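Trainee: This is the structure, below, for whatever I ask next.
The values are calculated or read from the model by the stated rules, or taken from the named source; none is laboratory data. Since the model is a prediction, treat every value here as computed from it, not as a measurement. Neighbour counts are summed over all protein chains in view; Cβ atoms, including those assigned to glycine, are modelled from backbone coordinates with ideal geometry. What goes into the accessible areas is simple: the full protein's heavy atoms, side chains included, and nothing from ligands, DNA or RNA. Shrake-Rupley method; radii C 1.70, N 1.55, O 1.52, S 1.80 Å.
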Amino acid sequence: MMELGQGGRLIGFDLDNRNLQEARKRLKRFEGRINYVNDSYERIEHYLKVLKLTEYDKVLLDLGTSSPHLDIAEYGFSFKKQGPLDMRFIQENKVTAALVVNKLSEEKLVEIFSNFGELPGSKKLAAQIVEERKKRPFVYTLDFVERISPAIPKSELTKRLPLVFQALRIAVNDELNVLKRALKKLFENMSKGGRMAVISYHSLEDRIVKQ
C-alpha cells in the first residue's frame, strides 16, 4: 500500500497512458498530490521545470513491463498470443519489432539477440530469420515463433523464446540507453541525502544499475 507523508508529493511517469489511468483510480485518495506524466522518466529535468520543483528526495524505478502489455495480444509483447509484431510502449515510436526482424542485417540481429537477450545460438537464429523473411515478411507474433522455432532446440524453446522477445522489446524501445541516461539525471537532481531504489528484472538492467 502506497503512503505519502504529510505534505508529500509524487510524480509518476509512464509511457503508456492506460497505466496512468489505472493508477489514477487506485490512488484516488491522494488526488491533488500526484502529478501523472505520460512520458519517459529520463525527461525528469524538463518536468522539474514545468512543475516548478527544484529537487526530490526519493526515487523508485520499476523497470518491469505491466501485465496488460503481456496479457493483451494487440500489444504484440507475448510469444503465446497472436498479435502484431509491435512491442512499442508508445505509438509515436516508428520502430516496431516487425521492422527490426524484417529490415535489419543479419549481423545487427546477432548483436541484438546476443546483447539484449544473452541468447546462445544467436547466429543461427539470425540466419533463420533472414532466410524466412525472404519467403514473406514477418507480421504476427505466433507466425514469427513458428518460423524461428527450427533454429532453437525443442528442449530450450520455453527458456529461449522469452529471451528472443525480451531482446526485440529492448531494441524497439531503446530501453537500456534510456535507463543509463535516466539514472544519471535522476541522481544529479536528487536532494542531498536522498534515496533511489530500482526494481530490475534481468541481468542487463541489474548490471547497469549496479555500475
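Trainee: Could you please state, rounded to a whole Å, how far the C-alpha centre of segment 37-92 is from the C-alpha centre of segment 112-153?
Mentor: With segment 37-92 and segment 112-153 each reduced to a Cα centre, they are spaced 26 Å.
Trainee: Here is a follow-up. PRE reach from Arg33 (point 7 Å along Cα→Cβ): which of segment 46-89 fall under 18 Å by backbone N?
Mentor: Inside the label zone: 56-60.
Trainee: Under a 5 Å amide H to amide H cut-off, with H placed in plane at 1.01 Å, what residues pair with Val198 once short-range neighbours are removed?
Mentor: Leu61
Trainee: In degrees between 0 and 90, to the nearest 10, how far off the longest principal axis of the chain does helix 106-117 point, with axes built from Cα atoms?
Mentor: The angle comes out at about 50 degrees.
Trainee: Binning at 5 Å from 0, report for segment 1-133 what percent of all alpha-carbon pair distances ends up in each bin.
Mentor: Here the calculated profile for segment 1-133 is 2, 8, 14, 16, 16, 12, 10, 9, 7, 4, 2, 0, 0.
Trainee: Related question: Among DSSP beta bridges lying fully in the chain, give the percent that are antiparallel, nearest 5.
Mentor: Around 10 percent antiparallel, to the nearest 5.
Trainee: Tally up the carbon and sulfur contribution to the accessible surface of the chain as a whole percent, 1.4 Å probe, everything protein left in place.
Mentor: Percent of accessible area from carbon and sulfur atoms in the chain: 53.
Trainee: Run the paramagnetic zone check for Met196: 7 angstrom along Cα to Cβ, then residues of segment 34-51 with backbone nitrogen under 18 Å.
Mentor: Counting only backbone N, you get 40-49.
Trainee: Once phi is turned into ³J(HN,Hα) by the Karplus curve 6.51 cos²θ - 1.76 cosθ + 1.60 with θ = phi - 60°, what whole-Hz value does each residue of segment 126-135 show in order, with x for glycine and proline?
Mentor: Result, ordered by residue: 4, 5, 5, 4, 4, 5, 5, 6, 5, 6 Hz.
Trainee: Take segment 102-211, drop everything but the C-alpha atoms, weight them equally and run the Debye formula without solvent; then report log10 I(q)/I(0) at 0.23 Å⁻¹ to two decimals.
Mentor: -1.29
Trainee: For segment 130-211, which chymotrypsin sites (Phe, Trp or Tyr not before Pro) are in a loop by DSSP, counting at most 16 other Cβ atoms within 10 Å?
Mentor: Tyr201
Trainee: Put +1 on the Cβ of each Lys and Arg and -1 on the Cβ of each Asp and Glu in segment 1-156; which of Pro84, Pro153, Tyr47 then has its Cα farthest toward the positive end of the dipole?
Mentor: Pro84
Trainee: Here's another thing I want to ask about it. Under a plain spin-label model, where a point goes 7 Å from the Cα along Cα-to-Cβ, how far apart in nm are Lys210 and Phe187?
Mentor: For the pair Lys210/Phe187, the computed spacing is 1.5 nm.
Trainee: In square angstrom, what is the accessible area per residue of the chain with a 1.4 angstrom probe?
Mentor: With the other protein chains kept in place, the chain gives 60 Å² per residue.
Trainee: Could you compute the longest span of the chain free of trypsin sites (Lys or Arg not before Pro) located in DSSP loops and having at most 11 other Cβ atoms within 10 Å, not counting the site residues?
Mentor: Looking at the chain, 95-211 is the longest stretch - no exposed trypsin sites (Lys or Arg not before Pro) with at most 11 other Cβ atoms within 10 Å.
Trainee: Further question: If the cut-off is a Cα-Cα distance under 19 Å, which lysines reach Lys108, setting aside same-chain residues fewer than 8 apart in sequence?
Mentor: Lys108 reaches Lys94, Lys123, Lys124, Lys134.
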